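Okay, so here's the structure we're looking at.
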Amino acid sequence: MKTDYIIVGGGLAGLCMAFTLYKANKTFVVIDGDIRSSSKVAGGMFNPVVLKRFTSIWESEAQLKLADDFYPQVEKFLDASFYHQMPIFRKFASIEEQNNWFLACDNSNTAPFLNPKLFNEQLKGIKSSFYFGEVYNTGFLNVNQFVISYQNYLKSINVLRSEYFDHKSLIINDSSIFYKDIEAKHLIFADGFSILNNPLFHYLPVDGTKGELLYVRIPDLKLKVIVKSGVFIIPIGNNLYKVGATYNWEDKTDATTEAAKKELIEGLEELLDCEYEIINRVAGIRPTVKDRRPLVGAHYQHENVYVLNGLGTRGVLLAPYLAEILLLNIENDVPLDKNIDVARYYKKLQLIK
Ligand SMILES: Cc1cc2nc3c(=O)[nH]c(=O)nc-3n(C[C@H](O)[C@H](O)[C@H](O)COP(=O)(O)OP(=O)(O)OC[C@H]3O[C@@H](n4cnc5c(N)ncnc54)[C@H](O)[C@@H]3O)c2cc1C
């Protein structure tokens, strides 16, 4: 079969690329071997500021604008619901943090996203001595549901292959890509942390940051907002909440650990003054890059082979944005911002002169 694009990886990155191609009237085949997935375990929260320090994030306004358009379009297309706008209440731990909040409210980069009025009412079931700050334009994507719904749809129209992409079956010519029975014009790797096993891109500095998350039932909480303190609590309906997330730079396995469970329980108990029950625990590796920037663009030797990776801790906002940028780069030769261009590493790694 002939197609415009092959996408390897059906996580957030690969699927946002697929929908972007669909909107641009391009054909594609997605190959996903259900190997290891950061997307399926993600908290899915999106917010345009760094909640720890109240600082701005690269291009967050543009990313947010696009996401607000993109995900509802996918929802409509699939007749499903997974994109939820919801305020984030940042719990303050001290007067000093409140002061930092007011400073950020005066900063033109962060001011549009922060409510300068402190929220000083009690949230039932949540302990707070120093109140909360409200972040605007926030919410969460039920990433697992997005992935499963869109993958199922793609499977039903025969453009998703549930198999491991075997590099030995790949032939790259100047004008075409051949993979088994598929002939394509372009090949995009959106393989997340498994990039380390990808012979074409394994040298890129995707170091990976493991994260773990709890699903808990809290019948007395009735929360209608996301609360962020040491941990975040996201209400996902039916008295269920996601509680996360941990950061571990050493362990590169997908197994849940007692240490992370303990850390999350401590964070949760610091926040809650009501009973809870742990329902499930999940773990995955975020595809983080040493310089904390995504990796987007063409292979240093093959102009028709690309990488879309390094979404790190912010996949929900980055994925639609980077997919659009990559499409414009491939189809219209629009240059990539040097912050995200994978070529920044080609010189560093002495792959090109
Ligand atoms: C605990 C945790 C909490 C998180 N919380 C948030 C959050 O609140 N907000 C946020 O924005 N982000 C969050 N993230 C980060 C987010 O999950 C990632 O940025 C994003 O999901 C990365 O998507 P991806 O498609 O690049 O990678 P993945 O989701 O890992 O997808 C890669 C896909 O490639 C496939 N694949 C790989 N190699 C092959 C091969 N050879 N053949 C076939 N298929 C292959 C895999 O099967 C997989 O489906 C969190 C991550 C974790 C672990």
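Please treat every number below as a calculation from the coordinates, not as lab data. All of these numbers come straight from a predicted model, not from anything done at the bench. Here Cβ is always computed from backbone atoms with ideal geometry, including for glycine, and neighbour counts include all displayed protein chains.
Spot the failing condition for residue 278; the list is (1) more than 25 Å from residue 264 (Cβ to Cβ); (2) β-branched (Val, Ile, Thr); (3) touching a strand residue (DSSP E or B) at 6+ places or on another chain (Cβ under 8 Å); (4) away from the ligand (no atom under 12 Å from the Cβ), and only one is missed.
(1)
Please state which one of 144, 137, 198, 152 is closer than 17 Å to residue 298 by Cα and either under 17 Å from the mean Cα position of the chain (by Cα) or surrounded by fewer than 20 Cβ atoms within 10 Å (Cβ to Cβ) (or both).
Exactly one residue qualifies, and that residue is 198.
Need pairs with beta-carbon distance below 8 Å; first residue within 24 Å of residue 194 (Cα to Cα) and within the stretch 252-279, second assigned to a loop (DSSP other than H, G, I, E, B); sequence gap 6+ or separate chains.
Once the first residue is within 24 Å of residue 194 (Cα to Cα) and sits in the stretch 252-279, its partners that are assigned to a loop (DSSP other than H, G, I, E, B) give 252/208; 254/36; 257/251; 260/246.
What residue, of 218, 234, 278, is touching a Cys at 6+ places or on another chain (Cβ under 7 Å) and over 30 Å from residue 328 (Cα atoms)?
Values: 234 fails: touching a Cys at 6+ places or on another chain (Cβ under 7 Å); 278 fails: touching a Cys at 6+ places or on another chain (Cβ under 7 Å).
Going through 218, 234, 278 in turn, just one is touching a Cys at 6+ places or on another chain (Cβ under 7 Å) and over 30 Å from residue 328 (Cα atoms): 218.
Would you mind telling me which numbered condition in (1) surrounded by 14 or more Cβ atoms within 10 Å (Cβ to Cβ); (2) more than 24 Å from the chain's Cα centre (by Cα) residue 260 fails?
Residue 260 satisfies every listed condition except (2).
When residues of the stretch 157-193 are filtered for being over 14 Å from residue 28 (Cα atoms), away from the ligand (no atom under 11 Å from the Cβ) and within 28 Å of the chain's Cα centre (by Cα), how many remain?
0
Which is in a helix (DSSP H, G or I) and touching an Asp or Glu at 6+ places or on another chain (Cβ under 8 Å), of 151, 145? Working first, answer last.
Working: 145 fails: touching an Asp or Glu at 6+ places or on another chain (Cβ under 8 Å).
Testing whether each residue is in a helix (DSSP H, G or I) and touching an Asp or Glu at 6+ places or on another chain (Cβ under 8 Å) leaves just 151.
Any chance you could count how many residues in the stretch 270-287 are in a strand (DSSP E or B) and closer than 14 Å to residue 219 by Cβ?
Residues in the stretch 270-287 being in a strand (DSSP E or B) and closer than 14 Å to residue 219 by Cβ: 4 in total.
Do you know which residues across the stretch 194-233 are among the basic types (Lys, Arg) and more than 15 Å from the ligand (Cβ to nearest atom)? Even if it seems obvious, please write down each step before you answer.
To start, the set of residues in the stretch 194-233 that are among the basic types (Lys, Arg) comprises 210, 217, 222, 224, 228.
If the condition is that a residue be among the basic types (Lys, Arg) and more than 15 Å from the ligand (Cβ to nearest atom), then 217, 222, 224 are the ones that fit.
So which strands (runs of 3 or more DSSP E) are wholly in the stretch 1-89 and hold at least 3 residues that are within 13 Å of the ligand (Cβ to nearest atom)?
So the answer is 2-8, 28-31.
When residues of the stretch 305-343 are filtered for being over 16 Å from the mean Cα position of the chain (by Cα) and in a loop (DSSP other than H, G, I, E, B), how many remain?
Counting residues in the stretch 305-343 that are over 16 Å from the mean Cα position of the chain (by Cα) and in a loop (DSSP other than H, G, I, E, B) gives 8.
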